[in-house]
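Engineer: A single structure is presented below for examination.
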Amino acid sequence: MVVVDELGGTYEEGFEDVHRNLMNYFTLKACRTVLTQLYEMNPPSYRWFYNFVASNNPQDGKYFLRALGKERQELAERVMITRLHLYGKWIKKCDHAMMYQKISDENLELMRERLMETVIWPSDDTNTNTEKIG
């Protein structure tokens with residue numbers, strides 16, 4: 001049996017989309033880190049990079065870094081080194097069992113919330129005896 005989802009494909013497919021999303025996320029996080037560093041140490045470069053980030057989406061990491069490399073190679077290299085460093089820190093701290101538990105707990109919480117929204121609770125009127133005595 002193969003379960004197919006229009007957005008995710010089949011369960012047998014690889015996780016290249018996850019890898020790409022992680023790389024894009026770490027590119028974005030590296031941009032934020034570099035912006036913070038530049039803000040403190042080099043305000044003119046901060047302003048330039050801030051404008052570049054605002055007009056070029058760092059969430060498409062590969063495209064973003066190509067474009068940045070054409071404009072300011074030293075900043076592109078700094079972002080690349082920073083994203084690799086951040087990934088290295090994350091991988092050391094990543095607790096896969098905890099992440100699995102968090103996903104499981106959130107799924108359960110969402111299912112409970114939905115159940116509470118869909119259950120029709122009896123009103124007080126339906127709990128009272130409508131037969132008249134005597």
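Nothing in this text is a laboratory measurement; each read-out follows from the coordinates by a stated rule. What you are looking at is a predicted structure, and each value in this text was computed from that prediction instead of being measured. Every residue, glycine among them, receives a Cβ derived from its backbone with ideal geometry; neighbour counts consider all protein chains shown.
Engineer: Could you please state, rounded to a whole Å, how far the C-alpha centre of region 29-74 is from the C-alpha centre of region 75-118?
Structural biologist: When both Cα centres are located, 24 Å separates them.
Engineer: While we're looking at this one, here's another question. Taking the Cβ of each residue in 64, 52 as the centre, tally the other Cβ atoms inside 10 Å and list the residues starting with the fewest.
Structural biologist: 52, 64
Engineer: Using the count of nearby Cβ atoms within 10 Å as a rough guide to exposure, how do 53, 18, 79 rank from fewest to most?
Structural biologist: Result, fewest neighbours first: 18, 53, 79.
Engineer: Under 26 Å from the Cα of residue 70, which lysines turn up, not counting those fewer than eight places away in the same chain?
Structural biologist: Partners within reach: 29, 62.
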